[in-house]
Amino acid sequence: MTDFDSFRTDTRAWLEANCPAEMRQPIRSEADMCWGGRNWTFASDAQRQWLAVMAERGWTVPDWPKDYGGGGLSADETRILKEEMGRIGARQPLYSFGISMLGPALLKFGTEEQKRHYLPQIARGEIRWCQGYSEPGAGSDLAGLQTKAEDKGDHWLVNGQKVWTSYADKADWIFCLVRTSTESKQGGISFLLFDMETPGVSTRPILLISGNSPFCETFFDDVKVPKAQVVGEVDKGWDVAKYLLGHEREMISGMGLGGGGSLGAELRLQVIPTDPMLRADIAAFDVDALAFQAMSERFSAMWKAGEAHPASPSMMKYAGTELNKRRKELIMARGGSDAIQSEREHGGHDAHDWLRSKGNSIEGGTSEIQLNIVAKHILRLPGA
Ligand SMILES: Cc1cc2nc3c(=O)[nH]c(=O)nc-3n(C[C@H](O)[C@H](O)[C@H](O)COP(=O)(O)OP(=O)(O)OC[C@H]3O[C@@H](n4cnc5c(N)ncnc54)[C@H](O)[C@@H]3O)c2cc1C
């Protein structure tokens with residue numbers, strides 16, 4: 001027996017003993033996804049217990065170092081853990097922008113003090129984060145941001161506005177891009193962390209096509225932020241921002257994997273579509289999804305080893321989000337012309353998921369911007 005075999009056996013036994021039956025059911029609604037944070041209300045005791053046991057073992061962030069609340073697992077052990085969780089249909093114990101976006105940036109650019117302070121709290125699901133990047137005049141052209149942070153000696157004074165800030169009204173803290181100098185566009189940006197309860201911070205939800213309102217306009221009016229809450233160097237936050245975007249794009253590209261199973265099998269369990277064109281489209285989709293899964297595993301291993309091509313996150317984000325949109329279109333097509341109405345009547349979430357998927361190719365940078373980045377890197381054009 002190799003070390004990996006015994007790790008798999010132990011992991012399987014531990015998961016069998018510790019993953020509550022309810023946490024092995026598919027996610028049916030937003031309430032089934034645990035986001036943690038100061039104000040989180042657990043949907044059930046099972047959800048609370050699953051987060052607690054996984055966090056205690058460091059398995060909410062299995063590949064982070066143990067000193068920072070992680071599990072200290074190697075890439076292979078992390079993969080085995082994922083496979084074993086998939087085998088029993090175990091839910092992710094924690095959904096968190098802290099884990100998928102801020103954490104990796106802190107590991108690379110944070111001071112030792114910042115790492116020891118923030119990372120264990122992120123791993124335990126104690127802080128819910130939001131991302132303050134986009135502004136009314138700065139989306140694709142993110143470096144055009146205008147939110148200003150003035151140096152007031154012992155603190156920064158922040159004034160300005162962000163937009164499309166997902167879950168800003170529910171978040172405890174924000175990681176936020178601010179302008180600290182106007183000397184150069186990318187060169188004058190800094191990366192700040194601050195509490196959303198700081199006086200001067202306010203949010204206003206924006207209603208979406210899907211009927212939900214998960215994101216907000218976020219306003220800063222004379223917000224005082226302690227000096228120690230800058231990540232990386234002052235005026236060099238663009239490097240932190242870009243690195244974080246690579247991780248965000250990797251996370252979003254994972255949507256292309258869907259639940260991991262075949263769409264044909266999933267739909268056949270419900271109703272076999274009689275339309276031969278639709279059946280052919282579903283089969284073609286499954287072939288592309290398998291190819292994407294293989295590419296995704298390869299990219300993920302190379303990215304973690306620091307060997308991925310610089311355009312890879314953009315390539316994967318583009319491919320994964322376009323694939324997810326196709327998946328949702330096919331699910332709705334299977335429902336026929338009354339799909340939306342019958343969904344509403346039966347309380348399903350397919351129509352909501354279909355509408356929400358339209359945002360996948362916008363959030364984290366639009367598909368057009370990803371294609372521009374890929375083209376610049378491959379053709380070695382200026383600005384890559
Ligand atoms: C679901 C969702 C969640 C989001 N969550 C957050 C969040 O939590 N925090 C946050 O900061 N932001 C968030 N965003 C905002 C997102 O990052 C921006 O919407 C995105 O970067 C695009 O910016 P924009 O909306 O200003 O569009 P614009 O930049 O105005 O683009 C409009 C159109 O022009 C195209 N375009 C623009 N420039 C070019 C170019 N150079 N070449 C070719 N085409 C171009 C774009 O592709 C797009 O089709 C979220 C967005 C969505 C949809």
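The values are calculated or read from the model by the stated rules, or taken from the named source; none is laboratory data. On a predicted model such as this, the values are computed, not experimentally measured, just so you know. Quick reminder, even Gly has a Cβ in these numbers, built from the backbone with ideal geometry, and neighbours come from all protein chains shown. Ligands, DNA and RNA are excluded from the accessible area calculation, which covers all protein heavy atoms including side chains. Shrake-Rupley method; radii C 1.70, N 1.55, O 1.52, S 1.80 Å.
Sequence-ordered 3J(HN,Hα) estimates for the range 66-75 from the Karplus curve with 6.51, -1.76 and 1.60 and θ = phi - 60° stand at 4, 4, 10, x, x, x, x, 7, 6, 4 Hz, glycine and proline given as x. GNM remark for the chain: springs join alpha carbons under 10 Å apart, and the peak mean-square fluctuation among Thr321, Thr78, Thr147 falls on Thr78. Mean-square fluctuation check for the chain, GNM, Cα pairs under 10 Å: which of Phe191, Phe97, Phe299 is largest? It is Phe299. On the range 1-127, 50 percent of the accessible area sits on carbon and sulfur atoms, based on a 1.4 Å probe.
Which parts of the range 62-90 would a label at Glu112 reach, counting a residue when its backbone N lies under 17 Å from a point 7 Å out along Cα-to-Cβ? 65-69, by backbone N distance to the label point. Applying 1/(1 + (r/R0)^6) with R0 = 22 Å to the Cβ-Cβ distance of Glu16 and Arg57 gives a FRET efficiency near 0.95.
Helix 367-379 and the longest principal axis of the Cα set of the chain meet at an angle near 80°.
All C-alpha to C-alpha distances of the range 1-75, sorted into 5 Å bins beginning at zero, yield P(r) values of 3, 14, 20, 23, 19, 13, 5, 2, 1, 0 percent in whole numbers.
Its residue count N sets the reference 2.2 N^0.38 Å, and the alpha-carbon radius of gyration of the range 105-240 equals 1.02 times that reference.
For helix 45-56, report the angle its Cα long axis makes with the longest principal axis of the Cα atoms of the chain; keep it between 0 and 90° and round to the nearest 10°. Helix 45-56 and the main axis of the chain meet at about 60 degrees. Within the listed set Arg179, Arg87, Arg57, the residue fluctuating most in the Gaussian network model of the chain (springs between alpha-carbon atoms under 10 angstrom) is Arg87. When shorter helices are ignored and each DSSP H run of at least 4 residues is given -39500 (n - 2.57), the per-residue value for the chain at 222 nm works out to -14000 deg cm²/dmol.
Scalar couplings 3J(HN,Hα) for the range 220-228, obtained by applying the Karplus form with A = 6.51, B = -1.76, C = 1.60 to θ = phi - 60°, are 10, 10, 6, 8, 8, 10, x, 4, 5 Hz; x denotes Gly and Pro.
Taken over the alpha carbons of the chain as equal point scatterers, the Debye sum produces base-10 log I(q)/I(0) values at 0.06, 0.13, 0.14 Å⁻¹ of -0.25, -1.22, -1.41. Modelled spin-label separation between Ser6 and Glu197, with each label point placed 7 Å from Cα along the Cα-to-Cβ direction: 4.7 nm.
Sequence-distant contacts, meaning Cα pairs under 8 Å at least 6 residues apart, place the relative contact order of the range 6-86 at 27 percent. With a simple spin-label model that places each label point 7 Å from the Cα along the Cα-to-Cβ direction, the separation between Lys224 and Leu207 comes to 3.9 nm.
Annotation note: GluC sites (Glu not before Pro) in the range 279-365 located in DSSP loop regions with a Cβ neighbour count of at most 11 within 10 Å are Glu307.
Rounded to the nearest 20, the Cβ-based charge dipole of the chain about its Cα centre (Lys and Arg +1, Asp and Glu -1) stands at 300 debye.
Between amide H atoms placed 1.01 Å from N, distances below 5 Å from Glu135 occur with Val163, all of them 5 or more places distant or on a separate chain. Residue separation of Asp76 and Ala283 scaled by 0.36 nm, minus their Cα-Cα distance, works out to 71.4 nm of gained length. On full extension, the segment bounded by Leu157 and Arg28 gains 42.2 nm, given 0.36 nm per residue less the C-alpha separation. Legend: distances between Cα atoms for Lys170/Lys227; Lys148/Lys317; Lys66/Lys304; pairs beyond 27 Å are Lys148/Lys317. The HN-Hα couplings worked out from phi for the range 95-111 by the Karplus form 6.51 cos²θ - 1.76 cosθ + 1.60 (θ = phi - 60°) are 9, 7, 5, x, 6, 7, 10, 5, x, x, 5, 5, 4, 8, 10, x, 6 Hz, whole numbers, x standing for Gly and Pro.
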